[in-house]
């Protein structure tokens, strides 16, 4: 006697469901794994994050400096490693790096025109050019006015002759604390001073308002402190 099975074959819909369910479950698990890895690897730092460095090691002319990031004036210069030149500014007299610049609008432009409250510094490779000390000793005296110079409060001022490349400037010098500076005269804009010094393979050029010379010892001390603070480890 022939026996027929009472079990009917699976329908196409049942077979499809049997394939789809494992695929869906596998895809869900894969997406969860990807999301977990992305969460763990997603960077948590930002421009002002807690892990962002406060200072950058920068080599100028083969001389190492440790520079506060927020003191560097140009974003393109805010990276470590060798650079040909770098420009900074610091609040005076605190010598702290400045905060984010305030946006000047038409309503606030009058309030923005305040006396300069910072000292500017450029560090550049000198490539064996004439040093600031050599210029002070051998070049500038050729252009001085012959009028006698008399020191005031330890600071001596010499005028440059009008027919020289420095005709609109005066030269200031002092022995203790040491200071040499070329300063433009007050006109439509306030006079500014340049004070230079050589450190290893780099020349440091400080710029500050001429009016600060009324307290010239404080200005000289500020430049000396900045020079010491910015130097990297010396071998």
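Throughout, read-outs are computed from the coordinates displayed, never taken from laboratory work. Predicted, not measured: the structure shown is a model, and the values here were computed from it.
Observations, loosely collected:
- Segment 129-181: C-alpha gyration tensor shape, a/c 1.5 cut-off, then a/b vs b/c: oblate
- For segment 152-235, the fraction of alpha-carbon pairs lying more than 22 Å apart is 30 percent, rounded to a whole number.
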